[in-house]
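Student: Below: one structure in structure tokens.
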Amino acid sequence: MDPNILYAFIGGSTLIIGVIAGKIVFSKNTKKQIEEAELLSKNITKEAQFKAEAFKKEKELEAKERLVQLRSEHENQVLERNRKLIDSENRARQKEQSINQKENNLDKQIKENDLIKSNLNRQIELVNIKRTELEKHQEEHIRRLEKISALSAEDAKAQLIETLKNDVQAQAISLQQEIIEEAKQKANKEARKIIIQTIQRTAAEQAIENSITVFNLESDEIKGQIIGREGRNIRAIEAATGVDLIVDDTPEAIVLSSFDPLRREIARLSLQRLVTDGRIHPARIEEVVEKTKKQIEEQVMEIGERTVIELGIHGMHKELIRMVGRMRFRSSYGQNMLMHSRETANLCAIMASELGLNVKLAKRAGLLHDIGKVPDEETELSHALLGAKLAEKYGENPAVVNAIGAHHDEIEMQFVISPIVQACDAISGARPGARREIMQQYLQRIKDLENLAMTYNGVEKAYAIQAGRELRVIVEAERVTDQESEKLSFEIAQKIQNEMVFPGQIKVTVIREKRTVSVAR
């Protein structure tokens, strides 16, 4: 036989025997796995039944406990309700007993009152009898007197009263005149003494506020940088600050001219920064002016806080402190308002001390009496009434509010410190050289000029410069066209000519500037 065939036969036989043997082994393993699975299933089933029984018993126990708890709560509620009913019955029984006792007491009092009333009636009858007897005796006595004096009782009484009346009136008039004259003499003497002592004990500087500020330079070369090409830097400074810059032949100096001290201070500080920095051009000027305005606001708050601390005033509202600081940059008839208010506060404190009044309250009213002159927005109210309104708004004492509103006799004085504030305000303003009427009239005309321009629509800013000979009006480019700006310039000039009285002529310049800003990042 061929060996290849034999090998093939043997291999096939071996393959068949292996398959048969594998099936037998697989069937045995499968049967064993099935038996194990059935056993595991029985165990799981038994365990599940056991857990179910345990869970059932646990829930039954919880239900029984809950039932017992509910039954206990119900019994407690029933007991509480019964207790409340018993308490209510006891209170009702006590009230009933109290009412019965009060009824018994009332019956006793009624009986006692009846007894007292009967006794009183008997006494009244006895008194009436006695009174009748007395009247008879008086009538008899009067008839005897009338026979003796040959006058009736009424005539004698009238004559006596008239005589006494005339004597008392004459004496009273004489005494009244003496008291009034003596009081006037003493009051005038005492008031003069207090005022003189107050003035003598207060030393004040008499410095008149001017309308110009001189800005000193290190050299005249800086003037060219400040002026700029074709004067563009000066125009930018004037437009941003509203201050007139006068550059003349005065060596190493530039004059800043404006009726508003606050604007002059902003312009001075801005120029100082620009000169120190060395970069002077329109964009830089506007940036520096804005920063300076913010710095001035902080400085105003610092001045106000320092002022109230130096005067020993506490608990003042922050807004009122800011207004006090703004007084540093305002003047009235050429007199600095902060110096005037501080002087008035000190005068009020001294005078209140002499009179035995509240010194702190008087000093507070003296400091705040002119806050109506530095409002954030212009109003039609007088500064005294506006100041009283602001003081009341920010929680000041009613005595302080009344003193502020009454220091120009615009409202009735209701507190003792009100006439003191009025007198001290007059003393401060009446010192020799303290005020100048002409300066105040000039400042008022400049302010009216700016306010007139601000009444037109589209006007953003208005500055009176050149000592009131020029009015620069800056309008919003989005609301006013070039043609409307020409018309606006003519209308403002006509209104100034018709409504205001001024020397010389006033030039009205309307400025319309369109800016488009983009930022590259």
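Student: What pairs come up if the first residue lies in region 468-480 and is under 11 Å from ILE511 (Cβ atoms) and without any contact (Cβ under 8 Å) to a residue 12 or more places away in the chain, the second is among the β-branched types (Val, Ile, Thr) and buried (at least 22 other Cβ atoms within 10 Å of the Cβ), and their beta carbons are under 8 Å apart, counting only those six or more places apart or on different chains?
Tutor: Once the first residue is under 11 Å from ILE511 (Cβ atoms) and without any contact (Cβ under 8 Å) to a residue 12 or more places away in the chain and sits in region 468-480, no partner that is among the β-branched types (Val, Ile, Thr) and buried (at least 22 other Cβ atoms within 10 Å of the Cβ) comes close enough.
Student: For the structure I just gave you, tell me whether LYS507 is open to solvent by 90 Å² or more (accessible area, probe 1.4 Å), at pLDDT 80 or above and in contact with a strand residue (DSSP E or B) (Cβ under 6 Å, 6 or more places away or on another chain). If you could, list the steps in order and put the result at the bottom.
Tutor: Details: open to solvent by 90 Å² or more (accessible area, probe 1.4 Å): yes; at pLDDT 80 or above: yes; in contact with a strand residue (DSSP E or B) (Cβ under 6 Å, 6 or more places away or on another chain): yes.
In short, yes.
Student: For the structure I just gave you, tell me whether SER382 is without any contact (Cβ under 8 Å) to a residue 40 or more places away in the chain, surrounded by fewer than 20 Cβ atoms within 10 Å (Cβ to Cβ), within 17 Å of GLY405 (Cα to Cα) and not hydrophobic (A, V, I, L, M, F, W, C).
Tutor: Details: without any contact (Cβ under 8 Å) to a residue 40 or more places away in the chain: yes; surrounded by fewer than 20 Cβ atoms within 10 Å (Cβ to Cβ): yes; within 17 Å of GLY405 (Cα to Cα): yes; not hydrophobic (A, V, I, L, M, F, W, C): yes.
Spelling it out, SER382 is indeed without any contact (Cβ under 8 Å) to a residue 40 or more places away in the chain, surrounded by fewer than 20 Cβ atoms within 10 Å (Cβ to Cβ), within 17 Å of GLY405 (Cα to Cα) and not hydrophobic (A, V, I, L, M, F, W, C).
Student: Same structure, new question: Run down GLU343, GLU396 and say which single residue is of a type in the set (Asp, Glu), part of a loop (DSSP other than H, G, I, E, B) and in contact (Cβ under 8 Å) with a residue 12 or more places away in the chain.
Tutor: None of the other options fit; the residue is GLU396.
Student: If we scan region 266-288, do we find a residue that is touching a helix residue (DSSP H, G or I) at 6+ places or on another chain (Cβ under 7 Å), under 21 Å from GLY468 (Cβ atoms), open to solvent by less than 60 Å² (accessible area, probe 1.4 Å) and in a helix (DSSP H, G or I)?
Tutor: Taking every residue of region 266-288 in turn, at least one turns out to be touching a helix residue (DSSP H, G or I) at 6+ places or on another chain (Cβ under 7 Å), under 21 Å from GLY468 (Cβ atoms), open to solvent by less than 60 Å² (accessible area, probe 1.4 Å) and in a helix (DSSP H, G or I).
Student: Quick check, is ASP376 on the phi > 0 side of the Ramachandran plot, among the charged types (D, E, K, R) and open to solvent by 70 Å² or more (accessible area, probe 1.4 Å)? Full working, then the answer.
Tutor: Working: on the phi > 0 side of the Ramachandran plot: no; among the charged types (D, E, K, R): yes; open to solvent by 70 Å² or more (accessible area, probe 1.4 Å): yes.
In short, no.
Student: A follow-up question, please. Of all residues being in contact (Cβ under 8 Å) with a residue 24 or more places away in the chain and on the phi > 0 side of the Ramachandran plot in region 231-257, which is least open to solvent (accessible area, probe 1.4 Å)? Just the residue, please.
Tutor: GLY242
Condition check ((1) assigned to a helix (DSSP H, G or I); (2) open to solvent by 100 Å² or more (accessible area, probe 1.4 Å); (3) out of contact with any Pro (no Cβ under 6 Å at 6 or more places or on another chain); (4) among the hydrophobic types (A, V, I, L, M, F, W, C)) across all residues:
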site: SER13; (1), (2), (3), (4): yes, no, yes, no
site: VAL19; (1), (2), (3), (4): yes, no, yes, yes
site: LYS23; (1), (2), (3), (4): yes, yes, yes, no
site: ILE34; (1), (2), (3), (4): yes, no, yes, yes
site: THR45; (1), (2), (3), (4): yes, no, yes, no
site: PHE50; (1), (2), (3), (4): yes, yes, yes, yes
site: LYS56; (1), (2), (3), (4): yes, yes, yes, no
site: GLU62; (1), (2), (3), (4): yes, no, yes, no
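So that you can scan it fast, the table gives a plain yes or no per residue for (1) modelled with pLDDT of 90 or more; (2) out of contact with any Phe, Trp or Tyr (no Cβ under 6 Å at 6 or more places or on another chain); (3) part of a helix (DSSP H, G or I):
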site	(1), (2), (3)
ASP409	no, yes, no
PHE415	no, yes, no
ILE420	no, yes, yes
GLN440	no, no, yes
ASP448	no, yes, yes
TYR463	no, yes, no
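Student: Just one of the numbered conditions (1) part of a loop (DSSP other than H, G, I, E, B); (2) buried (at least 17 other Cβ atoms within 10 Å of the Cβ); (3) modelled with pLDDT of 85 or more is not true of ARG435; which one?
Tutor: (3)
Student: If you don't mind, there's one more thing I want to ask. Within region 351-384, which residues are within 17 Å of the chain's Cα centre (by Cα) and aliphatic (A, V, I, L, M)?
Tutor: Result: ALA365, LEU368, ILE371, VAL374.
Student: I'd like to know if region 314-337 contains one or more residues that are in a helix (DSSP H, G or I), of a type outside the set (Lys, Arg), open to solvent by 30 Å² or more (accessible area, probe 1.4 Å) and touching a Ser or Thr at 6+ places or on another chain (Cβ under 8 Å).
Tutor: Step one: of region 314-337, the residues in a helix (DSSP H, G or I) are 318-329, 337.
Cutting the leftovers down to of a type outside the set (Lys, Arg) gives us 319-321, 323-325, 327, 329, 337.
From what's left, open to solvent by 30 Å² or more (accessible area, probe 1.4 Å): 319.
Applying the additional criterion that residues be touching a Ser or Thr at 6+ places or on another chain (Cβ under 8 Å) yields none.
Within region 314-337 (the criterion being in a helix (DSSP H, G or I), of a type outside the set (Lys, Arg), open to solvent by 30 Å² or more (accessible area, probe 1.4 Å) and touching a Ser or Thr at 6+ places or on another chain (Cβ under 8 Å)), the answer is no, since none of the residues qualifies.
The values are calculated or read from the model by the stated rules, or taken from the named source; none is laboratory data. Since the structure is predicted, the reported quantities are computational estimates derived from the model, not experimental observations. Counting neighbours? That spans all protein chains shown, and the Cβs are built from the backbone with ideal geometry, glycine included. For accessibility, only protein heavy atoms count, side chains too; no ligands or nucleic acids. Shrake-Rupley method; radii C 1.70, N 1.55, O 1.52, S 1.80 Å.
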